[in-house]
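Here is the structure we will look at, set down as structure tokens.
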């Protein structure tokens, strides 16, 4: 657990440094935290983490509650990259935070710690604790700009619905334990194999469904998505960015562990349920995004649609589908962070995040205009960017299973229909950048060097994953082998 302990220690250092640093130097704490996390990321390639991923080795701690294997290492590197870029974005956003900027940085680091624990959770207790660490920090991060009513409203909505989902999850865990007497995922799978009657035990199945309700809230899948657009709109932009990618990825790694490590025998019979959830989530997110004018709200509904696309890989019930989920999340990381970076820089002095605020961006900052354009193109799934190959892998995994279950054909057509629908609202954003007639401000947009570097990294990530997918796909395939499904 050295990585997790180091991250928690870093959060405490940032929090305590606030007591001694003068006000004008507190802003730089964000850069300090970003550099420290970048060093921890590099260390994962030289430590035991690297061995776990390369050799397929697995080790555990706390009686098997915490597991270190290829899947956990993949996601830990994922979360570290996301946190570094979000912290740089938070520094740029810090002038809009009236007080407590150091606390804002430290809360981002503590949320990261929860995500790292989630990546290694192999037990219901560890799963619940990691989810609560993530969620409780986001309760505060969401309403951090408490001078704005919309931020307080978003925080309250997230708190109430988050608490409700946690209650469902705890009740589900209690039912599962009451029937099986097992908290550990590996032990639960072994117990299920010895007791096939468990698959028809209604109390146990209700417990499993309640746990899925809690995880469905984290990934914003239908019908647990109602919080997403309001929270995305009201939260500070760095919070929204981290919520969109970090919290969603944490939900998916826990979903993969739960479905394919803890209850694989039951998951094998739930293909129809997963197909329906994926299809409805895709259609809901894309259709609701069409009338949106607020950029963050639009990306909120888009995030729901992308949860549906990711569920394609889960519904495929295959290692190819699981690897496609990891690949898609990686492309989604760079794409989403690129989009929110542009929103933070362009909309920082506006009262709203309306799409019209992007008018004339190609003249104000060609780099930011290009970044937002590439982000929208990647999200839409157009080659040669990461979004295209990610959707291709997910659809391929689904179609491979279609001869045995024709429902997968319907799911694939639904996903393609969602892609076509999304072209309308994604290209509406591009149209506002280059062809809007309501250009009232042509003031150049300044960018710091760290922010410019973060933008370039996001662009490079989108192109690299789209043009040279082999390396990451190999890593993703090796990582999901840890699930043994």
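Things to note:
- Calculated mean residue ellipticity at 222 nm for the chain: -24000 deg cm²/dmol, from DSSP H runs with n ≥ 4 weighted as -39500 (n - 2.57), summed, divided by the residue count and rounded to 500.
- Put simply, when 319-325, 289-295, 220-226 are sorted by average Cβ atoms within 10 angstrom per residue, most first, you get 319-325, 220-226, 289-295.
- Cα-based helix-to-principal-axis angle, 386-401 vs the chain, degrees rounded to 10: 20 degrees
- Ranking of 281, 186, 135 by count of other Cβ atoms within 10 Å, fewest first: 186, 135, 281
- Sorting the segments 122-130, 473-481, 15-23, 370-378 by their mean number of nearby beta carbons within 10 angstrom, highest to lowest, gives 370-378, 122-130, 473-481, 15-23.
- Listed candidates (i) 145; (ii) 130; (iii) 290 - label of the one calculated as volume of the Cα convex hull per residue in Å³: (ii)
- Exposure proxy shown here: for 4, 103, the number of other Cβ atoms within 10 Å sets the order, fewest to most, as 103, 4.
- Crossing angle, helix 101-119 versus the chain [Cα axis fit, 0-90 degrees, rounded to tens]: 20 degrees
- Shape category assigned to the range 121-161 from the gyration tensor of Cα positions, a/c cut at 1.5: prolate
- Shape category assigned to the range 102-197 from the gyration tensor of Cα positions, a/c cut at 1.5: oblate
- In terms of its C-alpha gyration tensor, the range 407-485 comes out oblate, because a/c is 1.5 or above while a/b does not outweigh b/c.
- Centre separation in Å (Cα based) which lies between the range 180-196 and the range 275-348: 33 Å
- The angle between the Cα long axis of helix 248-257 and the longest principal axis of the Cα atoms of the chain comes to about 10 degrees, rounded to the nearest 10.
- Cβ-based exposure ranking for 25, 297, in which fewest neighbours within 10 Å come first: 25, 297
Throughout, read-outs are computed from the coordinates displayed, never taken from laboratory work. Since the structure is predicted, the reported quantities are computational estimates derived from the model, not experimental observations. Virtual Cβ from ideal backbone geometry, glycine too; neighbours counted across all protein chains shown.
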